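Q: Sharing a structure below in structure tokens format, with a few things to ask.
Read-outs: derived from the displayed coordinates by stated rules, not from any lab. For clarity, every value in this text was computed on a predicted model and none was experimentally measured. Cβ coordinates were reconstructed from backbone atoms using ideal geometry, including for glycine residues, and neighbour counts include every protein chain displayed.
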Amino acid sequence: MKTFVKHYPVRFGEIDHAGVMYYPSLFDRMHRSFEDFWSDALGRSYPEVLGEDGIGFPVIDIHATFKAPFRFGDSLRMEIDVLRLGTKSITFRFRLGSGDEPGVRAQAEMVTAVIDMKTFGPRPLPDSYRSLLEGYQAAT
């Protein structure tokens, strides 16, 4: 099993008055890394997935746990893998750590539907996508 890993600096605009990364910024960062996952790990940019391939992955459920804050200047380590690969939905796991320190400061599970971008209706996950995503599927 592979895990997508990318490091991002925590920017000044992502922190709140308390000096920590504001939780909506964490969700925004998760989506930005989700976009990077497609191009870096799977070889298709997210605009190509949505526009050319006509496949969308809207979030239909998300659960997050926050254990420790991120501060301005921290290196946020984002790890993404696949927990469940269904026919018309996918569950992604996000683990957020700091730099090379062990453990996670936050974790989320995000369920996405698989939709046709023209009709916004459900569609089966194409086999080509399934085979790419299977490489990132966590062992159960």
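Q: Based on DSSP H runs of at least 4 residues, each adding -39500 (n - 2.57), what is the mean residue ellipticity at 222 nm of the chain after dividing by all its residues, to the nearest 500 deg cm²/dmol?
A: Using -39500 (n - 2.57) per qualifying helix, the result is -5000 deg cm²/dmol.
Q: For Cα pairs less than 8 Å apart in space and 6+ apart in sequence, what is the mean separation divided by the residue count of region 1-117, i.e. the relative contact order in percent?
A: Once divided by the residue count of region 1-117, the mean separation gives 31 percent.
Q: Along the Cα→Cβ direction, 7 angstrom out, place labels at residue 88 and residue 61. What is the inter-label distance in nm?
A: About 1.5 nm separates the two model spin labels.
Q: When only alpha-carbon atoms are used, what values of Rg and Dmax, in angstrom, describe region 55-124?
A: 14.9, 44
Q: At what distance in nm do the modelled label points of residue 75 and residue 12 sit from each other, each positioned 7 Å from its Cα along Cα→Cβ?
A: Between residue 75 and residue 12, the label points sit 2.2 nm apart.
Q: Of the listed values [x] 15.7; [y] 14.7; [z] 17.2, grab the one calculated as Kirkwood radius over Cα pairs in Å from the structure here.
A: Read-out taken from this structure: [x].
Q: Under 5 Å between amide H atoms, partner at least 5 residues away or on a different chain: which partners does residue 70 have, H built in plane at 1.01 Å?
A: Placed amide hydrogens put 21 under 5 Å from residue 70.
Q: Excluding residue 20 itself, what net charge comes from residues whose Cβ is under 14 Å from its Cβ, given Lys and Arg +1 and Asp and Glu -1?
A: Net charge around residue 20: +2.
Q: Quickly work out the residue 109-to-residue 3 label distance, labels modelled 7 Å from Cα along the C-beta direction, and quote it in nm with one decimal.
A: 1.7 nm
Q: First measure r as the distance between the Cβ atoms of residue 22 and residue 100, then evaluate 1/(1 + (r/R0)^6) with R0 = 30 Å and state the FRET efficiency to the nearest 0.05.
A: With a Förster radius of 30 Å, E is 0.80.
Q: Taking the Cα centre of each part, how many Å lie between region 122-140 and region 1-51?
A: After rounding, the separation between the Cα centres reads 20 Å.
Q: If you don't mind, there's one more thing I want to ask. What FRET efficiency comes out for residue 48 versus residue 138 if R0 is 25 angstrom and r is the Cβ-Cβ distance? Round to the nearest 0.05.
A: Using R0 = 25 Å, I get an efficiency of 0.45.
Q: Straight-line reach from residue 67: which lysines have Cα under 24 Å away, leaving out those fewer than 8 places along the same chain?
A: The qualifying lysines are 6.
Q: Here is a follow-up. What does the charge dipole of the chain about its Cα centre add up to, to the nearest 20 debye, if the Cβ of each Lys and Arg holds +1 and the Cβ of each Asp and Glu holds -1?
A: In debye, rounded to 20, the chain gives about 240.
Q: Could you compute the net charge surrounding residue 81? Neighbours are other residues with a C-beta less than 12 Å from the C-beta of residue 81; K and R count +1, D and E count -1.
A: Net of charged neighbours comes to +1.
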